[in-house]
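Let me begin by presenting the structure, written as structure tokens, before commenting on it.
The values are calculated or read from the model by the stated rules, or taken from the named source; none is laboratory data. Quick caveat, the model's predicted, so the values are computed rather than measured. Here the Cβ is made from the backbone with ideal geometry for all residues, glycine too, and neighbour counts use every protein chain on show. We work out accessible area using only protein heavy atoms, side chains counted, and drop any ligands, DNA or RNA first. Shrake-Rupley method; radii C 1.70, N 1.55, O 1.52, S 1.80 Å.
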Amino acid sequence: MTADLPVRPSEPPAADAPPPERKAVRRPPVRLFAPLRETGRLFALALSVTRSVFRRPFQIREFVEQFWFIASVTILPAALVSIPFGAVIALQVGSLTQQLGAQSFTGGASVLAVIQQASPLIVALLISGAGGSAICADLGSRKIREELDAMEVMGVSPIQRLVVPRVLATMGVAVLLNGLVSVVGTLGGYFFNVIMQHGTPGAYLASFSALAQLPDLYISEVKALIFGFIAGIVAAHRGLNPRGGPKGVGDAVNQSVVITFMLLFFVNMILTAIYLQIVPAKGS
């Protein structure tokens with residue numbers, strides 16, 4: 001029989017020995033997918049709001065209050081801003097038509113520029129800056145005070161109770177305010193073209209009737225409706241997702257305005273391109 005040999009304990013690794021190799025696992029950076037994640041949440045909120053519009057009960061009182069608030073803070077600034085916008089467009093277009101020898105078309109070109117492009121953008125920017133920032137601050141303050149969580153605990157949907165009336169209010173104010181801005185901008189352009197550039201009132205109105213058509217007004221109202229929806233959705237999204245307490249609410253307000261501005265110009269480019277492809281120019 002063989003004698004049992006003593007078992008030596010395993011020697012600890014030397015201090016200067018290299019550590020064992022580990023397989024490196026590459027993980028995608030978190031910040032890389034943050035914009036995509038936020039975009040997905042924004043579209044999810046828009047879809048949820050669209051579904052909740054047709055659910056009952058509808059918050060009529062909240063809608064009327066928000067509609068009146070947004071209209072009260074945007075009517076006067078919109079009217080005041082539309083006058084210089086219409087004047088600048090009329091002066092620039094009038095100067096260009098004089099160089100081309102087509103001064104008789106100044107009225108139609110300037111009015112179409114005001115109605116199709118300037119008016120919806122002015123309305124959307126003012127609603128986003130005045131009404132949208134207020135909506136974002138209101139929802140953000142409710143979020144950090146945990147009022148929205150309490151509503152969910154009680155079985156009340158914050159989207160149906162708070163977000164839907166505000167989004168519908170921004171859309172309604174945008175559509176109605178677009179007509180006001182179009183009229184005021186057209187009158188401002190008419191005044192500056194006739195008084196400062198010595199144009200004739202008859203030629204101004206005749207060129208407008210010769211170039212303009214009813215779909216131009218339709219696309220203006222459709223743009224205002226879509227822009228109001230975008231402004232309300234972005235403001236609600238940033239208000240429902242603040243970060244860092246009260247300071248995060250202020251940052252969310254700034255972010256909502258900037259994001260809305262970028263989306264408005266991008267969507268306006270797409271809608272204008274589609275409209276010019278679908279609706280032929282008058283007289284063509």
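Scanning the stretch 175-211 for residues that are aromatic (Phe, Trp, Tyr), within 29 Å of PRO280 (Cβ to Cβ) and either modelled with pLDDT of 80 or more or open to solvent by 30 Å² or more (accessible area, probe 1.4 Å) (or both) gives TYR190, PHE208.
Of the helices (runs of 4 or more DSSP H) that lie entirely inside the stretch 83-147, those containing 2 or more residues that are under 22 Å from the mean Cα position of the chain (by Cα) and within 20 Å of THR170 (Cα to Cα) span 119-126, 133-144. Flag set for PHE227, criterion: assigned to a helix (DSSP H, G or I), of a type in the set (Phe, Trp, Tyr), closer than 14 Å to ALA46 by Cα and open to solvent by less than 80 Å² (accessible area, probe 1.4 Å).
Output the residue which, of all residues in the stretch 97-119 that are small (Gly, Ala, Ser) and more than 23 Å from ILE219 (Cβ to Cβ), is surrounded by the fewest Cβ atoms within 10 Å (Cβ to Cβ). Only one residue fits best here, namely GLY101. Of all residue pairs spaced 6 or more apart or on separate chains, those with beta-carbon atoms under 8 Å, a first member in the stretch 34-52 that is in contact (Cβ under 8 Å) with a residue 60 or more places away in the chain and a second member that is of a type in the set (Gly, Ala, Ser) are LEU45/ALA236; VAL49/ALA236; SER52/SER157.
Of everything in the stretch 168-223, what is part of a helix (DSSP H, G or I) and hydroxyl-bearing (Ser, Thr, Tyr)? Give them in sequence order.
In the first step, residues of the stretch 168-223 are kept if they are part of a helix (DSSP H, G or I); the result is 168-195, 201-211, 214-223.
Scanning the stretch 168-223 gives THR170, SER182, THR186, TYR190, TYR204, SER207, SER209, TYR218, SER220.
The set of residues in the stretch 54-72 being in a helix (DSSP H, G or I) and open to solvent by 50 Å² or more (accessible area, probe 1.4 Å) consists of ILE60, ARG61, PHE63, VAL64, GLU65, PHE67, TRP68, PHE69, SER72.
Taking the criterion of being open to solvent by 30 Å² or more (accessible area, probe 1.4 Å) and not polar (S, T, N, Q), the residues of the stretch 152-169 that qualify are GLU152, VAL153, MET154, GLY155, VAL156, ILE159, ARG161, LEU168.
Just one of (1) of a type in the set (Val, Ile, Thr); (2) open to solvent by 80 Å² or more (accessible area, probe 1.4 Å); (3) in contact (Cβ under 8 Å) with a residue 60 or more places away in the chain fails for VAL253. It is (2).
Against the criterion of being open to solvent by less than 30 Å² (accessible area, probe 1.4 Å) and closer than 22 Å to ARG238 by Cβ, ILE127 qualifies.
Tell me which residues, restricted to the stretch 66-105, are aromatic (Phe, Trp, Tyr) and more than 30 Å from VAL167 (Cα to Cα). Selection gives PHE105 alone.
Restricting attention to the stretch 228-250, the residues that are free of Cβ contacts under 8 Å to residues at least 40 places away in the same chain and among the basic types (Lys, Arg) add up to 2. Applying a threshold of 9 Å to beta carbon distances and a minimum spacing of six or more residues, or different chains, the list of pairs starting in the stretch 154-165 at a residue that is touching a residue at least 40 places away in the same chain (Cβ under 8 Å) and under 11 Å from GLY232 (Cβ atoms) and ending at one that is of a type in the set (Lys, Arg) and in a helix (DSSP H, G or I) reads PRO165/ARG61.
I'm checking my understanding of the structure. Among residues of the stretch 54-101 that are of a type in the set (A, V, I, L, M) and touching a Pro at 6+ places or on another chain (Cβ under 9 Å), which one is farthest from PRO120 (Cα to Cα)? Write out each step before concluding.
Within the stretch 54-101, the first condition is being of a type in the set (A, V, I, L, M), and the residues that meet it are 60, 64, 70-71, 73, 75-76, 78-81, 83, 87-91, 93, 96, 100.
After this cut, where a residue has to be touching a Pro at 6+ places or on another chain (Cβ under 9 Å) as well, the list is 60, 64.
Numbers: ILE60: 26, VAL64: 22 Å.
Among those residues, the one meeting the criterion is ILE60.
Considering (1) open to solvent by 40 Å² or more (accessible area, probe 1.4 Å); (2) touching a helix residue (DSSP H, G or I) at 6+ places or on another chain (Cβ under 6 Å); (3) under 20 Å from LEU205 (Cβ atoms), the lone condition that GLY94 does not fulfil carries the number (1). Of the numbered criteria (1) in contact with a Lys or Arg (Cβ under 9 Å, 6 or more places away or on another chain); (2) under 22 Å from VAL222 (Cα atoms); (3) not polar (S, T, N, Q), the one ILE122 fails is (1). VAL167 falls short on exactly one of the conditions (1) over 18 Å from ALA130 (Cβ atoms); (2) aliphatic (A, V, I, L, M); (3) modelled with pLDDT of 80 or more, and that condition is (1).
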